[in-house]
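Engineer: What follows is a structure written as structure tokens; I'll ask about it next.
The values are calculated or read from the model by the stated rules, or taken from the named source; none is laboratory data. What you are looking at is a predicted structure, and each value in this text was computed from that prediction instead of being measured. Virtual Cβ from ideal backbone geometry, glycine too; neighbours counted across all protein chains shown.
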């Protein structure tokens, strides 16, 4: 077990909780109250990646609230990222470290023995030696100008880093198949979810760049390479016939009667449960006497 404190990293025995080693690190200089943490700790393949020694700007005000984020002065943080041996805490290498561009810890991903430090991912490094594997500033031509970084962290798959600048930007770690989608975005503090070969973008209340906003729950897929003329492409599940039509059997919002109360108590087959999409589930109050 590894714990990051203001002044050190401590390795504890998972069995007994006793300290196995401690590595002292320069303390970050915290001058302003931030709403989200600055620091990062990752353990991968016997290496501990940990941030330290950053320096807050003396004054920072972004939309009344204090963020390091996409404010231009995020570069002033000037922190360090140390790679330590998980075995004994010895230094392996170090590089620069910056927080996330919207008030969160820095975005750092590890894939196939290579560390990809954000926010620009321009110099991936060997996990054990710190050697720079390549230099390429993809985001200069991938990110759309204007707008702040989204209010949630990016994600990554085994091949792509997914940033959250204007919408969804995909950095190909092993080739040049980069892409961006300026219209799909995730929900605050959570973002999108890459899974099953798709990118899921959930409903959200974001009002930024609202004229290009798309609504609802979306599962985004790569461009099709083949097309089918099969008329039975639609696979109808058990909820298909129950969805709202002119003869819908789903309970609707309206006056509360005994009949509508009984209908609302039944499990709903649709996303958000009912066609009225309020997501409410009727249940008895267990505290009632």
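Engineer: Whether any residue in segment 119-142 is under 16 Å from the mean Cα position of the chain (by Cα), buried (at least 20 other Cβ atoms within 10 Å of the Cβ), touching a residue at least 40 places away in the same chain (Cβ under 8 Å) and at positive phi is what I want to check.
Structural biologist: yes
Engineer: Quick check on residue 109: is it surrounded by 15 or more Cβ atoms within 10 Å (Cβ to Cβ), outside the structural domain of residue 177 (by TED's automatic domain parsing), within 16 Å of the chain's Cα centre (by Cα) and part of a strand (DSSP E or B)?
Structural biologist: yes
Engineer: Do we find a residue being at pLDDT below 85 and within 23 Å of the chain's Cα centre (by Cα) anywhere in segment 55-64? Reasoning before the result, please.
Structural biologist: Here is the first cut: in segment 55-64, the ones at pLDDT below 85 are 55-64.
Filter once more, so that each one left must be within 23 Å of the chain's Cα centre (by Cα): 62-63.
The answer is yes, given that some residue of segment 55-64 is at pLDDT below 85 and within 23 Å of the chain's Cα centre (by Cα).
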